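Peer 1: Structure incoming, see below.
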Amino acid sequence: MAKQKTDVRQGTLALMVLKTLEVLGPLHGYGIARRIERISGDLLAVNQGTLYPVLLRLEQENAIASDWGASENNRRARFYRLTREGRKRLRAETEGWEQTAAIIGRFFEVKAEDFS
């Protein structure tokens, strides 16, 4: 049975882009999308129409910067890289997501007898 891909949840794509660039270094948009899908175990689908506005916003916020270069198949492509501001943002957002995940995890562990 084939895995069904789901769309990336609102608000998480920017974090995934920042983390992907931190781990893998500069990548073009298509490469970022494919890496995010691969890291998710092919459970997420990254729509190009969603990714490029996020890249533009991150660049306007100075979290990433871009330069033109040649892709693997020798096509002109815009390569994105993490900036110092992007590293700071990634650290802050990671802490926030880890705290949120811990809180949600507590709700999945709670039992009725915990309130007796």
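Peer 1: I'm trying to understand the selection: among the residues of region 68-83, which are under 21 Å from residue 18 (Cα atoms) and surrounded by 10 or more Cβ atoms within 10 Å (Cβ to Cβ)?
Peer 2: Hits for region 68-83 are 69, 71, 77, 78, 79, 80, 81, 82, 83.
Peer 1: When you look at residue 73, is it at positive phi and part of a loop (DSSP other than H, G, I, E, B), yes or no?
Peer 2: no
Peer 1: Taking into account only those residues within region 23-59 that are surrounded by fewer than 12 Cβ atoms within 10 Å (Cβ to Cβ) and under 20 Å from residue 91 (Cβ atoms), which is nearest to the chain's Cα centre (by Cα)?
Peer 2: The qualifying residue nearest to the chain's Cα centre (by Cα) is 23.
Peer 1: I need the full set of residues from region 32-52 which are modelled with pLDDT under 95 and small (Gly, Ala, Ser), in order please.
Peer 2: 40, 41, 45, 49
Peer 1: Sticking with this one: Can you tell me which residue within region 76-99, out of those that are assigned to a helix (DSSP H, G or I) and of a type in the set (S, T, N, Q), is nearest to residue 54 (Cα to Cα)?
Peer 2: 94
Peer 1: Would you check which residues across region 48-70 are part of a strand (DSSP E or B) and either polar (S, T, N, Q) or farther than 27 Å from residue 6 by Cα (or both) and list them?
Peer 2: 65, 66, 67, 68, 69, 70
Peer 1: Conditions first: (1) under 16 Å from residue 32 (Cβ atoms); (2) among the aliphatic types (A, V, I, L, M); (3) without any contact (Cβ under 8 Å) to a residue 12 or more places away in the chain; (4) in contact with a strand residue (DSSP E or B) (Cβ under 8 Å, 6 or more places away or on another chain). Residue 65 passes all but one, so which condition is the exception?
Peer 2: Condition (3) is where residue 65 drops out.
Peer 1: Between residues in region 30-47 that are outside any helix (DSSP H, G or I) and residues that are of a type in the set (A, V, I, L, M, F, W, C), which pairs lie under 8 Å by C-beta distance while being six or more apart or on different chains?
Peer 2: 44/8; 44/36; 45/8; 46/8; 46/13; 46/32; 46/33; 46/36
The values are calculated or read from the model by the stated rules, or taken from the named source; none is laboratory data. All values reported here derive from a predicted model rather than from experimental measurement. Note: ideal-geometry Cβ built from the backbone for every residue, glycine included; neighbour counts use all protein chains shown.
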